[in-house]
Every structure is written in structure tokens, then in C-alpha cells.
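What follows is a single structure, written as C-alpha cells, with notes after it.
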Protein chains: 2
Amino acid sequence: MQQRYIDVEELIVAQATPPGASALAIVRLAGPGCVDAVAAGFQRPERLREARGRSLVRGTFIDPRDGKPVDDLVAAVFRAPESPTGQDQVDFMTHGSPAVVAALVDALVALGCRRALPGEFSFRAFVAGKADLVESEAIDELSRARTAEARAAALRRLGGGVSAEIWRMRSELLEILAACEVLLDYPEDEVEGGLDGRLPAMRAALDALSALSAAHAGARLRLEGARVAVAGRTNAGKSSLFNRFLREERSIVSGEHGTTRDWIEASVDLEGIPLVLQDTAGLRSTTDAIEAEGVRRSRLLLDAADLVLYVVDGTAGLADDDRDFLEARPDALRVWNKTDSAECGPVPAGFHPVSALDGIGFQDLALAIVAKLPGGAGSADGLAGERQAALVEAARASLSDAIASIEAGEPLDLVSLDLKAASDSLGELTGETASPDVLDTIFSRFCVGK
Amino acid sequence: MQQRYIDVEELIVAQATPPGASALAIVRLAGPGCVDAVAAGFQRPERLREARGRSLVRGTFIDPRDGKPVDDLVAAVFRAPESPTGQDQVDFMTHGSPAVVAALVDALVALGCRRALPGEFSFRAFVAGKADLVESEAIDELSRARTAEARAAALRRLGGGVSAEIWRMRSELLEILAACEVLLDYPEDEVEGGLDGRLPAMRAALDALSALSAAHAGARLRLEGARVAVAGRTNAGKSSLFNRFLREERSIVSGEHGTTRDWIEASVDLEGIPLVLQDTAGLRSTTDAIEAEGVRRSRLLLDAADLVLYVVDGTAGLADDDRDFLEARPDALRVWNKTDSAECGPVPAGFHPVSALDGIGFQDLALAIVAKLPGGAGSADGLAGERQAALVEAARASLSDAIASIEAGEPLDLVSLDLKAASDSLGELTGETASPDVLDTIFSRFCVGK
């Protein structure tokens, strides 16, 4: 799967909008001199060639191979360095026809462009210094955000808020590292206390890294979401509870397409967390073969879920089946349903009382779900990626070691190694010291056209 | 389902690209003064407000309700009348995130826009005289075109070639109608021969309308395509033939998503016709229940297909099952397969010899398929829509009646009625005389954002 974005001088082209028929589509083209290179495809080439940066040019695009028109389109022309990629760039806004898009890409390839690799436009923006690695990854995260909270957090990362802090910390650590190396090289210059004077700044950076590390789970949860399975005996009110979620929470705008499943599933935005709710079949023991298969699949769902809501019918009370389940799954969130009924029994300890019928207790239940999900209590403002979290944690650990060594009066070469490791981790985070392999891995995860 | 596009002064907004995560999306906004109206959403409103027409403005869009950023985006600004809709217009190019698109549309609605109805942007372009009805419908057809031929034909209709001819014919008929009414009102001015001198022009128009009417089936076939089912006994080589189609023809770029089916299906571009090929199960009589269900479904497919290819194993010869099928379906295209084998028998009359194994005979078979499809022999250059075809045919019939009446020396008021009917049909075709109901029906067929 490794790819190489070696040559940023080549002209690259790809569809940048989703496939399918619609009103409009965008075909993106980037690379030095690309405007002139493809002007020959315009019925009036000079209109494209003479276009200023940040201008719109309307025209008919002609396939150079057969002279036939491809589409009447609008070309959004950008000139380097004032473009999203930092290069000359044209975003062709075509009619939203898959056949038109395919024909335009073919025609541009015939004019000397090649099809862009996944993430290649973003890679060029990175190389041009338009975005560091944290910001580049935020572009991808923004596309995947399903709730307003996740979108806002990705946008803040894209805006460079977190990046600026990381760049600042890294430059501070590099400065301390330089001082450390002066002390190593010229011990005779050693000032009173060695690096002791640097400790407050290092501790402040450590606190910031600890906070960033702790915020990862929250950011990840808001971006990636969680699967919550609703279980319980037949007639416990699982479906009513499920429907209550759909009524009370915003359903999520999602690009995914539904597929046929054996269970009911819906996506909701619960306090900014994109939840996939699954309504499982009843769990009672049965001898019927088809029903037994349903129960088997329900158990698979429960095993894969991030959280299980176990619903008990408060008017029927705890049955043996309920006790067995809760003993086997002590991590399940316990729900005491049907509190609206006069026959509902007292709420046992550890259960959340709720009436799926009239919604009483529902908001408390929602908050309990959030609190129980890993990262639910945190903010959305950490770094959402696993790679990023690992690098922040590595930098934090190295810096912590460096501080401990200074405090213990250990040799400075040890301190120097830890400081170097910490600043390297931060450099890899922003991309400044990331290897080509790492860059390949990151950008090739993006979709084509990005 | 009726909708009313009464107020073209309102500001309307809709996503113009397909749903789903991608690199970019477009949210389109149109209406008089829309640039100023939504400038407040820009972090630096003056940059949008002062933007010239046909320029690109980069900025951060802020939700006016909570002051939070929605996205960093590029606004393609058009000023009336130089825009696709003929109105002030902004195409916001956002990051391709469903959450971002939803948030931007919500924010624009909060700024006083309303969600656009299906086809409403196209309707405004029609009202502004940017496109007549034939051209407007071609925009929709362009989105649906799946082959290069269908795309090129839609583009020619969009370019106004057919429209110009219809406008010219209509103005000619109106001129003759005026002459006819002068003769009716002032019989004393009657010139020798009445309308006889107009007959050559009327016959030329009749020929043109006849040609346009005849070309409909070809245009329709290229745009809408056809379903071809491959049938035959088990081991006749249906799957080999099916796979030969996939190897030899271009598979179609399509926005549709696959769903699970009980038969194999593929889309290919056969001589510019988008064909859906269906490989059905074998058709032999069976007592096995599951297999019988497969056979039942195959028969449903065959009934729904535009053309059935019936494949016979040439090495086995015609069996009773084959004869029964062909007797019941005399319209099936008969294929004599396995001509590569030394054991293949002589080709019976009416069969197309083919070797699915090595492809010999395949090109002739492809041409035979095209010839057998309704409109296959025609060109793609007619009008593809049913409404359009009906109006062309109505105009043709009325004009033919008018000519016959003149030739038979019938009263001029009869001729006048027919001429009026013919020109009205043409006027409805271009939209010049179409009623609001007709316009509603046509534009509401378009997708939202178009």
C-alpha cells in the first residue's frame, strides 16, 4: 500500500466531490503551470490562460483527442502560491454527471496530467507549508465529523490552535536542549544549578502535554463515535427506548448508505457524540431455530458494542434471565423502564429509572451514557488520531524523564537524550521531522481528490 | 407533489454535490442581493460584500446564531446577470463533510435564505432566459447520461442546437398563421392560391418534425438504456457470455450503489447504449424448492427485460427445453454458443454463432443486440423525453393536417386552428407557452440543488 509522493512538479487531477449524479461536481487539478498546460482543452484557450488568480472562467471544455465537447463548465482558477495546495490550481465545476466527470478526467490525462494518488493534494499543501501535519489530518477528520462538536473541534485543529502550541513547546524544548549541550561541551562555563532554572518552563510544558494526552479519548470519542447496544428480555421496552432516542436526539447527517441488516440500527447525536444505537432481539432462551439464530447474532452485537444498555421491565421486576445477564456483563448500564406505570416496582440500586413512554428520566440516562463511554467526560479538543496520541504521550514521558533526571542530579547527557526524544516526537507530530514513510502512511489514508 | 416556484426574489440555498464524505462539497445560494444578505456570515463580511462577479473569496464562515465557525471555505461569487441562474449567486466550496454542509445550510437559513425546491435553480435560469425548456431538461439528462454518446447528445441539446431549430420553425409557423388570419379577416385581399405559396416551407418543417419524431427512440435508448437478460439451459455458457461482455465493453461509471441481489448484474456501454446485463439462473424444470425459486425469479427478470438473449450450447444442440422457451419467446435473440469446439453442430437458421470462450462472433452479436433494441438503429440526437416526443409528434400531426387542408382546399379557419395547435405544441416544447403547472411538473423532477 506504500505510495510515493516524490514529484510535486507533476500535474495531478482527481474528482473532489462524491460519486453519483447531482447538480454539480468538482474536478481538481494542481501543479506548476497547470493552467497553461490544460488551456488547450478550452474552446477559447486564452480565456483560461489569461485568467487571474482567484477568478472564475466559464467555457466549453473540448476533448483534445476527438475535438468533441466534454461539458460547459466553470473553472475556478488559482495561481501559486495563493491556492489551497500552494500551487497553480484549477477546480473545474462541471455538471454533476458521472459520465462528464470521467470524460473530463480522461481529457485532462490526455493533456499531460496524471490521476492523483489518495491525499496527494493535501500532501502538496503540506509541502508548500499551507498546513502542518496536525492541520492536514484535521482536514480529513473534518470530512468524517458527524456532529457539530466533532466538526467544531476538527475546525479548531485545522485552524492551527493546537499546532501553534505544539510548535511553541517544541521550540522551547529545542532551546533548552541547546543550553544543555552547551553545558555538556563547555562544562567550565557551567552556571550555578545547571538546568535548574529551566525546570519551571519544562514543568509547564509537561502539564500542557499531560492535558493534551488526557484529552485524546474525548476527541476520539467525538470523532469516531461509539456503538451502543440495547439489550433486555422480550417486552422490557427496548424498542420504545430506542425510539425515544430517535425522537429526543438529532439524527445524524451521514454519507454512509444503509445496508440490509438483521437488527435495527440508527445514528444519533448524543451530546455531540455520534452514537450508533442497535436494537437487539430479545435474549430469552428458546428452542425455535430461527429465534435462536437471532439471539446468537444479538450476542455478537453485544460483544462488539462499546456500551450495553440493559433494560428491565420495572413492572415485571428482575427475572432470573436478567440476573444472569447482569452477572455476566457487570459493565452494562442498567435501565429500570416503565416508571410511568402504577405497577412499577421500586428502583433497585445501580439502576437508572426511566419511562421510555413519556421520556421522564431520559436526559439523566443520556448523561449517564456519555459519562460511561471512554472519554465521555473529556472535551472534544484533544488530538483525535491514535498516531498523534502516541506521539504526545511519548513526548510527555520523555520530558517527564528529563525533569526527573535534572531533579535527581543525573548526568546531563541523559537529560539531553530525553529532551531530544521529546522534541523529536513533537516534530513528528507537526510533520517537521516525520520520515517520508510516515508521510506516505498518513496521506495515503485520505481519499482520492483530497 | 405539485410545488410553486412563484417567488424568484427569495434567496434559496441547497447542496449541489452528492451526499457523502469527500474532499469538497458545493452549497449553492441564489437570489437578488444574496451576496450582501449572507456577508454577515463571513468573518470579514466586507471581503464577500466587495467581491466582484466571477471571483473567488476565501474566508471563514461563522454561524450567526452562536458565533462559532462553520468552515474555512472558498466562495465563488457571481453577480447578476452573469451567473448560471442569471441572479446574484454564491457557490460555497466547503470541505466535503456532511456535518459541515448541514451546518452551512442551517446558517444560511438563519441568515434569511430558504431551502431550495427540486430544480429551483434551473427554473430561475429558465425564467432569466439562460436556457429554454429543452436546454433545461438537457441539464438534467446530462447528469443521467452514462455513456459518452448520451453525454455528447445531451450536451448538444444543452448547447441549443435542437432548440434553435424549434424556435425557428415556430416563428415560421406563426408567420404563416398571421398570413392565414389576414386572409380570414380580409377575404377581399385574398391573393391567388391562398396559402399555396407557403406549402414548400410547411412541407420542409413537416419533414424536420418527422425526423425529430423518429429520432426520439434512439435518443431515449442512449439516455435511459435497456435491460438485457441472458437466459438458457444450465451449461449453455450464459456466464461465459456475460463475462465476455464485461471484458470487451467498457463498464459504466455509475453513481448507483450495488445492493445484494439474487442474480448477477453488470452495466456496460454497448455502442453508446448503457446496458444492464443480467445473468439469470438456469431454466430447467426442477423439483428442488430453492432452485425452483431461482427459476421463478429468472422468469420475472425475463419478463421485465427489454431484450432476452437465449443461449444454446452448440455442442449439445437444441433440447426440448430450448424449443419450448423459444416458442414462448419468439422475440428472444438466439445465440449458438461454443463454436470454438470441434463438437459444435451446424448453426440453425436465425441463430447468431458465437464463441464466448475466444470472442469470435461477439462483435456481430453486439451489433445484432443494438439493432434489435427499440431505437437502436437511430441516432442519439433526438429529444429523449417522453413529454418532448409527444409534443413533437403533436406538432407534426397538426402541421400535417394543416397541409392536407390547404391541399384539399378546405376552409382557412380549419387551417388556422391546426397551425395554431402546431405552434402551441412547439411553444410548450421550448417553454415559451408552457403553463405554470407544466413547468412545475418538469422542474420538480430535477433533484434538489439543480
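Readers should treat all values here as calculations from the given coordinates under stated rules, not as data from a laboratory. Model, not experiment: these values are computed from the prediction. As a convention, Cβ positions derive from the backbone with ideal geometry for all residues, glycine included, and neighbour counts pool all protein chains shown.
Report, to one decimal in Å, the Kirkwood hydrodynamic radius for the stretch A:77-142 based on all distinct Cα pairs.
Numbers: mean 1/r = 0.0750 Å⁻¹.
In the stretch A:77-142 this quantity evaluates to 13.3 Å.
For chain B, which DSSP H helices look membrane-span-like by this rule: Cα extent along the axis of 24 Å or more and mean Kyte-Doolittle of at least -1.0? Mind showing how you got there, number by number?
Details: long enough: B:161-185 (36 Å, 0.67); B:386-407 (31 Å, 0.20); B:412-430 (27 Å, 0.48).
Helices meeting the criterion: B:161-185, B:386-407, B:412-430.
One Cα centroid belongs to the stretch B:30-47, the other to the stretch B:302-325; the line between them spans 65 Å.
If packing is taken as the average count of other Cβ atoms within 10 Å, what order do A:201-208, B:432-439 fall into, highest mean first?
Answer by packing, highest mean first, reads A:201-208, B:432-439.
Note on the protein assembly as shown: the alpha carbon radius of gyration divided by the globular reference 2.2 N^0.38 Å gives 1.18. How big, in percent, is the set of alpha carbon pairs in the stretch B:130-177 lying more than 15 Å apart? Pairs farther apart than 15 Å: 47 percent. Measuring how big chain B is from its alpha-carbon positions, Rg and Dmax come out at 28.5, 86 Å. Here the Kirkwood formula puts the hydrodynamic radius of the stretch A:284-420 at 19.4 Å, using every distinct Cα pair. Most fluctuating residue of A:V77, A:V57, A:V415 in a GNM of chain A with Cα springs under 10 Å: which is it? Greatest mean-square fluctuation among the candidates belongs to A:V57. Highest GNM mean-square fluctuation among A:R296, A:R170, A:R28, for chain A modelled with Cα contacts below 10 Å: A:R296.
Both numbers refer to the Cα atoms of the stretch B:336-398; Rg and Dmax are 19.1, 61 Å. Specify the inter-centroid distance of the stretch B:172-247 and the stretch A:386-450, based on alpha-carbon positions, in whole Å. Value for the Cα centre distance between the two parts: 72 Å. Given a Förster radius of 22 Å and the C-beta distance between A:S379 and A:L246 as r, what FRET efficiency does 1/(1 + (r/R0)^6) yield to the nearest 0.05? That pair, A:S379 with A:L246, gives E of 0.25. Can you tell which of B:E141, B:E393, B:E249 shows the greatest fluctuation in a Gaussian network model of chain B with Cα springs below 10 Å? Largest GNM mean-square fluctuation: B:E249.
Cα-based Rg of the stretch B:12-132 per 2.2 N^0.38 Å, rounded to two decimals?
That ratio works out to 0.98.
For the stretch B:403-450, with equal point scatterers placed on the C-alpha atoms only and solvent neglected, what are the log10 I(q)/I(0) values from the Debye formula at q = 0.15, 0.17, 0.28 1/Å, to two decimals? Summing over Cα pairs of the stretch B:403-450 leads to -0.55, -0.62, -0.96.
With just the Cα atoms defining each centre, how far is the stretch B:338-382 from the stretch A:56-124? Give it in Å. Their Cα centres are 39 Å away from one another. Inter-chain neighbour count for B:9-21: the average number of beta-carbon atoms from partner chains within 10 Å of each residue's beta-carbon is 5.
What fraction of the DSSP beta bridges in the protein assembly as shown is antiparallel, stated in percent and rounded to the nearest 5? Approximately 65 percent, going by the DSSP bridge assignments. The mean count of C-beta atoms from other chains within 10 Å of the C-beta of residues in B:140-148, rounded to a whole number, is 6. Per-residue mean of foreign Cβ neighbours for A:150-160 is 4 (Cβ atoms of other chains, 10 Å radius).
Each peptide in B:222-229, B:11-18 was scored by the mean count of other Cβ atoms within 10 Å over its residues; highest first, the order is B:11-18, B:222-229. In this structure, the residue pairs whose Cα-Cα separation is over 26 Å, taken from A:K372/A:K420; A:K372/B:K68; B:K130/B:K450; B:K372/B:K450; B:K68/B:K130; A:K68/B:K238, are A:K372/A:K420; A:K372/B:K68; B:K372/B:K450; B:K68/B:K130; A:K68/B:K238. Over all other residues within a Cβ to Cβ distance under 11 Å of A:A371, the charged ones net out to -1, with Lys and Arg as +1 and Asp and Glu as -1. Normalising by residue count, the stretch A:60-200 has a Cα convex hull of 167 Å³ per residue.
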